[in-house]
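Accompanying notes for the structure given below.
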Amino acid sequence: MQPDLKGIKVAVLGGDAREIVLVSTLSRLGAYVKVLGLPINSDPPHITICGNLEEALADVQAVILPVPGLLEKGNIYCVYEDKPLVLTEALLVKLPPQTPVFAGFARPKLKEIVQRSNLKLIQVLSLDEVAILNSIPSAEGAVQMAMENTAITIHNSKSFVLGFGRTGASIARLLHGMGARVTVVARSAAHRARVYEMGMEAVSFDELPDAIAKAEIIFNTVPKMVLTNCILNKVKEDAVIIDVASPPGGTDFDAAARLSIKALLAPGLPGKVAPKTAGRILAKVIPNLLAQELQRNDGTVGTA
């Protein structure tokens, strides 16, 4: 059941095609949505197109940032604006205390200014419901990139997946279903047991230096430096690395370049390869989170 957001005032700042889907849903549920940095072509009810951040943030009860949140220097991630949208503490302190601020994930800059402004930060991708669903387009996009950058088929390829979290598990399952010979590198003995049960090979990270020479395609999901210069020296020169971990990834890209190994950093795949699906995931989850937060604050939100 989706909530009744009638009368709620929300700012949606920047983003990509995912946020366009979300804006439409929020409007349909009755919210008044102030939008900045998105190409809303028509004039739907309850939606106001704003010209600057001051206007967009005036008199709102919640702020929704894009999945990548803030980039370097405090710029809001926005694919449709040439001019940077810089979110500052001076803007946020004007909001009521504990106003919810939603983002997919938060870099240190966003965490800092939200905390100093006495607001409440909600990182949507930390929720299993979102992260698991989001791993589906991430996996499909990662495999698509591999197909576009290799001269071999996924079928029968020696594909390594580093990490067996939500995204790693989806990538491994997809590769296995396509007939790849999959090796999963996982720290947890329980995860390695699950990988074996699923019919794939499993090794620990301690075993990675000895095993990596077999790899033809490597998918990294670990947001720490795991593909170091030492490891890369043992990788085949014609191997391809698709790193889907959050920037800066888990690959020594300088070392990969010196070794003539093709290594690609691929953050934000859901918004690039399947924006409509990724937008529907946000539109399914964020309205309920918004209703919960505002009901906790003033008890005015009901359900439709």
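Coordinate-derived values only; no laboratory data. In this text, all values refer to a predicted model and were calculated from it rather than measured experimentally. Ideal geometry is used to build each Cβ from the backbone, glycine not excepted, and the neighbour counts take in all protein chains shown.
Here are the numbers:
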quantity: Whether the stretch 27-66 is rounded, prolate or oblate, judged on the alpha carbon gyration tensor where a/c under 1.5 counts as rounded; calculated: oblate
quantity: Global geometry of the stretch 26-108, whether rounded, prolate or oblate, following the gyration tensor of its Cα atoms and the 1.5 cut on a/c; calculated: oblate
quantity: Distance between modelled label sites at MET198 and ASN75, nm, 7 Å Cα→Cβ extension; calculated: 3.6 nm
quantity: Calculated from backbone phi, Karplus (6.51, -1.76, 1.60) coupling profile of the stretch 35-40 in Hz, x at Gly/Pro; calculated: 10, 9, x, 10, x, 8
quantity: Share of alpha-carbon pairs per 5 Å distance bin for the stretch 130-271, given as whole %; calculated: 2, 11, 23, 26, 23, 12, 3, 0
quantity: Contact order normalised by residue count of the stretch 130-271, Cα under 8 Å, 6+ apart, percent; calculated: 23 percent
quantity: Cut-off under 5 Å, modelled amide H: who pairs with ILE218 long-range; calculated: PHE160, VAL240, ILE241, ILE242
quantity: Cut-off under 5 Å, modelled amide H: who pairs with TYR32 long-range; calculated: GLY7, ILE8, LYS9, VAL10
quantity: In sequence order, calculated HN-Hα J values of the stretch 209-226 (Karplus, 6.51, -1.76, 1.60; Hz; x Gly/Pro); calculated: x, 7, 8, 5, 4, 7, 5, 9, 10, 10, 10, 9, 10, 8, x, 9, 5, 10
quantity: Aspartates and glutamates whose Cα lies under 16 Å from that of LYS158, excluding same-chain neighbours fewer than 8 positions away; calculated: GLU201, ASP210, GLU216, GLU237, ASP238
quantity: GluC sites (Glu not before Pro) restricted to DSSP loop in the stretch 205-293 with at most 13 other C-beta within 10 Å; calculated: GLU237
quantity: Helical segments meeting 15 Å axial Cα length and Kyte-Doolittle 0.5 threshold in the chain (DSSP H); calculated: 17-28
quantity: Across LYS9/LYS111; LYS6/LYS94; LYS111/LYS262; LYS34/LYS73; LYS73/LYS224; LYS34/LYS276, pairs whose alpha-carbon gap is larger than 32 Å; calculated: LYS111/LYS262
quantity: Placed amide H near ALA202: partners under 5 Å, 5+ positions off or other chain; calculated: VAL184
quantity: In Hz, Karplus ³J(HN,Hα) per residue of the stretch 120-125 (6.51, -1.76, 1.60; θ = phi - 60°; x = Gly, Pro); calculated: 10, 8, 10, 8, 5, 6
